[in-house]
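Accompanying notes for the structure given below.
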Protein chains: 2
Amino acid sequence: MTPPSRPEPTAPAQIAADPPAPSAGTVEALRDAVLSSSQAWETTRSLVDEVGPRFAGSPGDRAAVAWAQRTLTAHGLQNVRAEKVKVPRWQRGHEAAHLIAPYPRDLVVAALGGSAPTPPRGITAEVIAVPTVADLDKLDRKAVEGRIVFFHARMERTQTGTGYGKAVSIRTAGPSAAARKGAAAVIIRSVGTDVERIPHTGAVFYQADAPRIPAAALSVPDAEMLERLLAKGPAKLTLTLDSKVLPDAESANILGEVPGSSAPDEIVLLGAHLDSWDLTPGALDDAAGCAIVIEAARAIAALPRKPRRTVRVVLFANEEFGISGARAYAAAHAAEIPRHLIAIEADLGDGKVLTASFLGSDTARPAFEALVRPLVPLGVTFIPDDAHGGSDLIPLRALGVPLADLHQDATRYFDVHHTPNDTMAKIVREDLDQAAAAYAAFAYAAADMSGDLGRIPEDKRQRR
Amino acid sequence: MTPPSRPEPTAPAQIAADPPAPSAGTVEALRDAVLSSSQAWETTRSLVDEVGPRFAGSPGDRAAVAWAQRTLTAHGLQNVRAEKVKVPRWQRGHEAAHLIAPYPRDLVVAALGGSAPTPPRGITAEVIAVPTVADLDKLDRKAVEGRIVFFHARMERTQTGTGYGKAVSIRTAGPSAAARKGAAAVIIRSVGTDVERIPHTGAVFYQADAPRIPAAALSVPDAEMLERLLAKGPAKLTLTLDSKVLPDAESANILGEVPGSSAPDEIVLLGAHLDSWDLTPGALDDAAGCAIVIEAARAIAALPRKPRRTVRVVLFANEEFGISGARAYAAAHAAEIPRHLIAIEADLGDGKVLTASFLGSDTARPAFEALVRPLVPLGVTFIPDDAHGGSDLIPLRALGVPLADLHQDATRYFDVHHTPNDTMAKIVREDLDQAAAAYAAFAYAAADMSGDLGRIPEDKRQRR
Ligand SMILES: [Zn+2]
Ligand SMILES: [Zn+2]
């Protein structure tokens, strides 16, 4: 069915009698209060130092769930609760890549999340190098068969982080593309912008029509060395990955609220994800996001006058390895979906918010622009592009819930994304506080607005 | 014996009849030729990519010795030879640090070079934190006994690299100082200026009057986390190091020369060290230094008119773990020492040369200043401070051989020093080429100068 060019938005229940607009200056005062006395750095530190790595289903994940309940309560949120989520479990084991020819050398490597293991003694094969999946597609099967395919496209550093979307297919789609041509295994240049000797993991998406071959990321310096050597002649290496799949485990989405003063059934959703990849304390990804939304809610909860609608913090389970928490949330809250005014997720680290954008009813765009006007003094610019939404908002987007992006400066984010190097040492407190202030001001303004933001048109409910 | 206030310099044999000064412009043309067509990056790459880690006595060290002979020959040097050097052998094994309290966490750790092993099941103890060795000295034995001492002084980033000298005693002297107070083991904040999750190794110097306790470096982010946790309460960890000492092995200093045209017995020594720490490909430390001196000699060898004296490249064995090569060179060349006009070592990475300084006869300082005048257009400033000399020049300094420093910009050097992260990705080609040009111009000017540079006064022959 072709979507109508002007879809009828599914409006949430109107607020019957709007009370008078909040006294001018509430949002601005909130913004400035967060900016000057934000606890976001301390909240980030607490999750990073006291919990650390928290991959779905791991002991760290269980510690994070307890931390989140404790922390939301301590920050003055109400209705704090854990909603069960079933998560898949994958466990990294010993991993090694050893170059055999032209020179012997240990390479720094990490299995991609979900990778199949190699046989115990590894896979030893010639390396065939291609920048991208498109380049692989041009090769004969004969050139690939039995080899280790090395994808070495470079990720571009940009302020918006768009380089990631362009580069990441070597990780997500590369392994199955190589397997379809008979490859024995895949190694990729880490999808990241740094040049440190630390590989970036991240999920591989095996496709049903291809054998599941082992896949791993080399650190950027190792990948560049291999690229230089391959420019001069053949190379051969042994890849050993000892990963395994364990039975599904239980995790939880953690919710906490600032109940609305006059329309508590209407929801402004502030999301972030509680989990991290297994090998990282996840300071930027996504302890910072958790801290930003917790700080926004804490500051609103501390106000004498609460906004009309409920501000709900959702710390999603397992974003990294299949958005299990996001799907569980959408299912568990199906009845409430029409009463979600708007949803936003903080999942781009500790950077300053630079732009605000919206996806909802086209006619609501001016109302959204008004909501983000108090963010202008923070350096935030409204842009008329459609918001993209965090990964955990995909199921809500599919159901038409309007989305906002408070898009953070992503210049540094992909230096440490999905690596052990994503630590407190990389958090820039001033930037983090600006982001928390922006989220707080936006959340209050949205929760207290008159009218609504419509629904996402049908033809924009799927990510492209 | 008190050294005389004005020691009589031991002059090298005078050059009998000085030929006319080289046509003005030779040094400048050489400088510019290196700047525009330097092969230093490629030489660095070759050692890093084709040999990689090359710790004294290891298979990599043997590969480096072969590489050096091949490379000096290929670059047009003469009298290329390997001079045997006996080196001690120490081997890193499994290493781990696991925080037990207040929270369980794996810490990123590397044994210090030469560290004693722990028992196989590790050492588990409470941690006592002090910034420096001086702070430890103030503590009662009771506060230290049976504990793991954690030295967490921070190294300051400076252009000259002086922060290293101030911070490094926690690594070199810390373990014995802690052992004298009954400590079970030592961990240190890595002596480095980065904030990456990669520890810096480097030699520990066990003193004869103290038990040899295990000692390791935490990555800076791990050390900072531990420091934060210790500010809130006690911490306990398990350190496991499986290192061992092996029988001494054979390595070699590699020499190559551009024979002097009229005084071939007189020597201008250009040094660098061929070895690296075990866990690093050593691009800045010291493949870059090797490449700088090789490039300087290559460019001089390619000139139609050679300088009067011999330019001798010495790639020293085992600088990192006890300057074995430097001692062997001084012993093997004892008879030639008086004929060493001056010695210089490139061992500060790929940075641009910023200053030139001298240590020799005080009366020769103006002559030295004249030698480095052609370096001024490269941005090099003569400074009247005494030169320090690289570590491999310590034995020559003790014998009075004049030293030069072409001091490189060390701002970035200690980000990767003694880490696996010291890779080609960190080499700034333009800076490296400037340094090669400076070394080439200086080496030619010195090798072709009239007169000499005297000897180091007796009271300045020991480092302070
Ligand atoms: Zn994330
Ligand atoms: Zn060095």
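Bear in mind that the values in this text are calculations on the coordinates, not laboratory data. Computed from a prediction, not measured in an experiment: that's the story for all the values here. When we count neighbours, we look across all protein chains shown, and the Cβ atoms used for this are built from the backbone with ideal geometry, even at glycine.
Of note:
- Proximal charge balance of A:PRO211 [Cβ under 11 Å; K/R count +1, D/E count -1]: +2
- The ellipsoid equivalent to the alpha-carbon distribution of the stretch B:187-263 has semi-axes of 40, 20, 12 angstrom, derived from the gyration tensor eigenvalues as √(5λ) and listed largest first.
- Shortest-first nm distances, A:ILE100 label point to equivalent points in other copies (7 Å, Cα→Cβ): 4.3
- Separation between Cα centres of the stretch A:101-126 and the stretch A:259-308, rounded to whole Å: 40
- Crossing angle, helix A:220-232 versus chain A [Cα axis fit, 0-90 degrees, rounded to tens]: 40
- Across identical copies of the chain, B:ASP137 has label-point separations of 6.9 nm, listed in ascending order, with the point defined 7 angstrom from Cα along Cα→Cβ.
- Gap separating the Cα centres of the stretch A:440-455 and the stretch B:132-152, nearest whole Å: 56
- Shortest-first nm distances, A:THR124 label point to equivalent points in other copies (7 Å, Cα→Cβ): 4.0
- The mean sequence distance of close C-alpha pairs (under 8 Å, at least 6 residues apart), as a share of the length of chain B, puts its relative contact order at 24 percent.
- Inter-label distance for A:SER262 and A:ASP135, nm, one decimal - labels placed 7 Å from Cα along Cα-to-Cβ: 6.1
- Other residues within the sphere of radius under 9 Å centred on the Cβ of B:ARG228, judged by their own Cβ, net out at -1 (K and R +1, D and E -1).
- Helix A:288-301 and the longest principal axis of the C-alpha atoms of chain A enclose an angle of approximately 10°.
- Lysine pairs meeting the criterion (Cα under 26 Å, 8 or more apart or interchain), as found in chain A: 19
- Using alpha carbons only: equivalent-ellipsoid semi-axes of the stretch B:221-340, gyration tensor based, whole Å: 43, 18, 12
- Rg ratio for the stretch B:93-242: its Cα radius of gyration over 2.2 N^0.38 Å, N being its residue count, equals 0.94.
- A Stokes-Einstein calculation at 10 °C with viscosity 1.306 mPa s, built on the Kirkwood radius of the stretch B:346-445 over Cα pairs, returns a diffusion coefficient of 111 µm²/s.
- D (Stokes-Einstein, µm²/s), Kirkwood Cα radius, the protein assembly as shown, 0.890 mPa s at 25 °C: 81
- R0 of 25 Å, Cβ-Cβ distance A:ARG228-B:SER37: FRET efficiency to nearest 0.05: 0.80
- Using θ = phi - 60° and Karplus 6.51 cos²θ - 1.76 cosθ + 1.60, couplings along the stretch B:265-280 (whole Hz; Gly, Pro as x): 7, 8, 10, 9, 9, 10, x, 6, 10, 7, 7, 9, 5, 5, 9, 9
- For chain B, excluding the exposed loop sites themselves (GluC sites (Glu not before Pro), DSSP loop, at most 16 other Cβ atoms within 10 Å), the longest remaining stretch covers B:157-464.
- Nearest 10 degrees, 0 to 90: helix A:429-447 Cα axis against chain A principal axis: 50
- Positive dipole terminus of the protein assembly as shown, leading residue within A:ALA335, A:GLY146, A:TRP277 (C-beta point charges): A:GLY146
- The rotation axis taking chain A to chain B passes closest to the C-beta of one chain A residue; that residue and the distance in whole Å read A:GLU196, 3.
- For chain A, alpha-carbon Rg over 2.2 N^0.38 Å: 1.01
- The calculated FRET efficiency for B:ARG463 paired with B:LYS244, based on their beta-carbon distance and R0 = 41 Å, is about 0.85.
- Whole-percent pair-distance distribution, where bins are 10 Å wide, for the alpha carbons of the stretch B:57-107: 18, 28, 18, 15, 13, 7, 1
- Loop-located trypsin sites (Lys or Arg not before Pro) in the stretch B:279-356 (DSSP state other than H, G, I, E, B) with a sparse environment of at most 14 neighbouring Cβ atoms within 10 Å: B:ARG305.
- Relative contact order of the stretch A:93-242, pairs being alpha-carbon contacts under 8 Å that are 6 or more residues apart, as %: 39
- Kirkwood hydrodynamic radius (C-alpha pairs) into Stokes-Einstein, the stretch B:386-464, 10 °C and 1.306 mPa s, D in µm²/s: 106
- Neighbours of B:PRO384 by Cβ distance under 9 Å: Lys/Arg scored +1, Asp/Glu scored -1, total -2.
- Ranking B:ALA370, A:GLY390, B:ALA184 by Cα position along the charge dipole of the protein assembly as shown, where only Lys, Arg, Asp and Glu carry charges on their C-beta atoms, puts B:ALA184 farthest toward the positive end.
- Distance between the stretch B:339-395 and the stretch A:362-425 - C-alpha centres, whole angstrom: 55
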